[in-house]
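These notes are about the structure you will find just below.
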Amino acid sequence: AAAPWRYGVIGGLFAAYFVLMFEALRRADAVPLAAVFTLTPAMGALCGWLLLAQRTSPRAALAIALGAAGALWVVFRGDWAAAAAFDVGAGEALYFVGCALHALYAALVRRLNRGEPAVVFALGSFLGAMLVALAWGGGALVATDWAALPPVAWIAIVYLGLGATAGSFLLMRYGAMRLPAGKVTAYGYAVPVFVILWEGLATGQWVALAVLPGVALIAAALAVLVAEHDRA
C-alpha cells in the first residue's frame, strides 16, 4: 500500500502505549492504573471528533458514562474508601499519556487507512510497533539472557506478541473502520469483567457480591452501545 509511514505512526502509538503501561506498572499498582483507563473512551470520542468529525450521540455518551462508573466500581471492588484514597502519582501520569495515545490510535486507524486488506494493515502496524519497541529497548534486548528465561516467560512473550499486539491490531482495525473511536475504546470496559471471570475459573475464588452492580452497569453500557450501532 502507498505511504508505508502510516504503519510506523499506527504501530508506534500502540507500542508507546504498551511501553508506558509497563513503565507505569513499575511505579504504581494495577488498581489505580485500571481506574485511569476508564478515561480512554472519553479521550477516544474527543480524538474522533477532532480528527474525523465523529459525533457522539446522547445514548452513546450515556453508555460511555455508565461503563466508566461500572468499571470504576469493579476496579475498586465497590469500596468507596479505596476510591477516595486514589492518589495520582508518576505511574498514573505515565499511564494517562499512554491511554491518550491509545485513544489517538483508535481514531487514526480510520484516518490513515487506504483500503488495504485488514491482515496487511495489521502486519504493517505490527512491524511498525516492533521497530519503535526496538528503538526504545534495543539495549535491554541485547543484554537479556534469553536462554535463562523460564518457560512461563516465553509463553507470556508469545501471547503479548500474537494475542495482545497482532490480534489487537487486526480486531481494532476492524472495529475502527465501522465504529466511532469512542465506541471502539469503550468496549475496553468489559476487560475487568473478563478478568473476574478468568480469575474465578482459574482459582475458584470469586469476587464479593458488592462488585456485581459494577458488572451490571458495564453490561448495560455495552448493550446500549450495541443497540445504538444497530439503530444507526
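Coordinate-derived values only; no laboratory data. Since this is a predicted model, take the numbers as computed values, not measurements. Note that we place each Cβ from the backbone using ideal geometry, even for glycine, and neighbour counts take in every protein chain shown.
Given the options Tyr17, Gly124, Leu162, identify the residue whose Cα lies farthest towards the positive end of the charge dipole of the chain (+1 on Cβ of Lys, Arg; -1 on Cβ of Asp, Glu).
Gly124
Compute a Gaussian network model of the chain, connecting alpha carbons closer than 10 Å, and tell me which residue from Leu101, Leu112, Leu72 fluctuates the most.
Comparing Leu101, Leu112, Leu72 in the GNM, the peak value goes to Leu112.
Report the extension gain between Asn113 and Ala30 in nm, rounded to one decimal, defined as 0.36 nm multiplied by the number of residues separating them, less their alpha carbon distance.
Length gained, Asn113 through Ala30: 26.6 nm.
Taking the simple approach of a point 7 Å from Cα along Cα-to-Cβ for both Met130 and Trp198, what is their distance in nm?
2.3 nm
Pick from Ala135, Ala216, Ala186: which is most flexible by mean-square fluctuation in a GNM of the chain where alpha carbon atoms under 10 Å apart are linked?
Ala135
Quickly rank 55-62, 38-45, 199-206 as a protection proxy: mean count of other C-beta atoms within 10 Å, highest first.
Most protected by this proxy first, the peptides run 38-45, 55-62, 199-206.
Connecting C-alpha atoms closer than 10 Å in a GNM of the chain, tell me which of Ile218, Ile155, Ile64 has the biggest fluctuation.
Residue with maximal mean-square fluctuation among Ile218, Ile155, Ile64: Ile155.
222 nm [θ] for the chain, helices only, -39500 (n - 2.57) per DSSP H run of 4+, per residue, to 500?
-23500 deg cm²/dmol
What is the Cα convex hull volume of the stretch 107-205 when expressed per residue in Å³?
Taking the convex hull of the Cα positions in the stretch 107-205, it is 138 Å³ per residue.
What residue among Gly91, Leu51, Ala181 has its Cα farthest toward the positive end of the dipole of the chain, where the charges are +1 on Lys, Arg and -1 on Asp, Glu, each on the Cβ?
Final value for the positive-end residue is Leu51.
Just subtract the alpha-carbon distance of Tyr174 and Ala219 from 0.36 nm times their residue separation and send over the number in nm, one decimal.
Answer, rounded to one decimal: 14.0 nm.
At 0.36 nm per residue, and after removing the present C-alpha to C-alpha distance, how many nm does the segment from Phe22 to Leu50 gain when stretched out fully?
7.2 nm
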